[in-house]
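**Student:** There's a structure below that I have some questions on.
The values are calculated or read from the model by the stated rules, or taken from the named source; none is laboratory data. Keep in mind the model is a prediction, meaning the values are calculated, not measured. We place every Cβ from the backbone using ideal geometry, glycine too, and count neighbours over all the protein chains shown.
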Amino acid sequence: MKAKPTILKLGGSAITQKDKPLKVNRPVIENLAQEIAEANTPQLVLVHGGGSFGHPLAKQYAITDGFKDHSQIMGFSKTHDAMTTLNGLVVQALIQHNIPAVSIAPSSFVLTKSGRIEKMNSDIVTKLLDMKFVPVLYGDTVLDSDKGFAILSGDQLIAKLAIILDAEQIVIGVDVDGLCTADPKKDSSAKLIKHTDLKELKRKHSWIEKARVIDVTGGMYGKIIELIPAIEHGTRTTIVNATKKGTVRKALCNEKVKGTIIEKE
Ligand SMILES: Nc1ncnc2c1ncn2[C@@H]1O[C@H](COP(=O)(O)OP(=O)(O)OP(=O)(O)O)[C@@H](O)[C@H]1O
Ligand SMILES: [Mg+2]
């Protein structure tokens, strides 16, 4: 029987230097390519975030507000272009580690309506997986049937893909150890939540809401909210620190790892 797909999201917080516009975190990308090669996961889909490539430009040109005036048109192009630059660097690192990565621009096959995925033909992703390629997608600028254009976050994309592809698991790599009781970068008393489920998440909604960081796609709060439909579908989700060696490989191989596991129940 064919293995169910695994979806790995490499967060912009891990693969870029979030406070330095258009700066990658090259050692992290190199190490991740190595770990992905070692894990050798069958049926792997990769999605990466925008970090300092996507967010500052998207914010500068107010892309999430939709089309309001002509000056944003160049902003859409520049934001998309920055994402393709980051995507190129990720794909090159993967290919150097002998991973058959193939880049797909979400802007070319996803249409949103008020920022939510409305149309998405995932046939190419499925076909690539069938042929043992590793499709590499990313958070992208997309066309929107209500607003003209929008930002499609990598987080919204992974949840949708998990449902459409009936994924076994989602692994998310960020620059912190997982979901914590507060932002660990701002609150030294924040504790890592090692395991949680939907019921508990919904009960803790109010404090998750406080976890919002300044980020056009919602930070950790937005991430958890986006993931809920995929978890409801039955896709187990593990959040780990992708800047620490070994975590992503262990999560992909289902080995015990420091992080947050979120299950349906
Ligand atoms: N309760 C919390 N637990 C863990 N992290 C939190 C929490 N609240 C806020 N954060 C912050 O959320 C950040 C992760 O979200 P962020 O959107 O910045 O990263 P990302 O999704 O990897 O990046 P991108 O959106 O570019 O892909 C962490 O760096 C952390 O500082
Ligand atoms: Mg984010």
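**Student:** Output the number of residues of the stretch 103-144 satisfying the condition of being assigned to a helix (DSSP H, G or I) and in contact (Cβ under 8 Å) with a residue 24 or more places away in the chain.
**Tutor:** Pass one, the stretch 103-144, residues assigned to a helix (DSSP H, G or I): 106-108, 123-130.
Still in the list and also in contact (Cβ under 8 Å) with a residue 24 or more places away in the chain: 106-107, 125-126, 128-129.
Selection size over the stretch 103-144: 6.
**Student:** Given the residues Ser77, Ser52, Ser13, which is the only one that is over 13 Å from the mean Cα position of the chain (by Cα), at pLDDT 95 or above, within 15 Å of ligand 2 (Cβ to nearest atom) and not β-branched (Val, Ile, Thr)?
**Tutor:** The conditions single out Ser52.
**Student:** Also, quick follow-up: Give me the pairs: first residue in the stretch 221-250 and free of Cβ contacts under 8 Å to residues at least 12 places away in the same chain, second residue crowded, with 19+ Cβ neighbours inside 10 Å, beta-carbon distance under 6 Å, and six or more apart or on different chains, which are they?
**Tutor:** Close Cβ pairs (under 6 Å, with a partner that is crowded, with 19+ Cβ neighbours inside 10 Å) amount to Lys250/Val257.
**Student:** Which of (1) at pLDDT 95 or above; (2) touching a His at 6+ places or on another chain (Cβ under 9 Å) is the odd one out, the single condition Ala58 does not satisfy?
**Tutor:** All conditions pass for Ala58, except number (2).
**Student:** Let me ask another. Can you give me the number of residues within the stretch 215-251 that are more than 16 Å from ligand 2 (Cβ to nearest atom), of a type outside the set (S, T, N, Q) and under 27 Å from Lys199 (Cβ atoms)?
**Tutor:** Of the residues in that region, 8 qualify.
**Student:** Go through (1) surrounded by 15 or more Cβ atoms within 10 Å (Cβ to Cβ); (2) farther than 30 Å from Thr235 by Cα; (3) within 16 Å of ligand 2 (Cβ to nearest atom) one by one and return the number of the condition Asp19 breaks.
**Tutor:** (1)
**Student:** Let me ask something else. Taking the stretch 161-184 as the search range and keeping residues that are out of contact with any Ser or Thr (no Cβ under 6 Å at 6 or more places or on another chain), in a strand (DSSP E or B) and not β-branched (Val, Ile, Thr), which one is nearest to ligand 2 (Cβ to nearest atom)?
**Tutor:** Filtering first and then ranking leaves Gly173.
**Student:** So which residues in the stretch 145-160 are of a type in the set (Lys, Arg) and either assigned to a helix (DSSP H, G or I) or under 13 Å from the mean Cα position of the chain (by Cα) (or both), if there are any at all?
**Tutor:** Lys160 - this is the single residue of the stretch 145-160 that is of a type in the set (Lys, Arg) and either assigned to a helix (DSSP H, G or I) or under 13 Å from the mean Cα position of the chain (by Cα) (or both).
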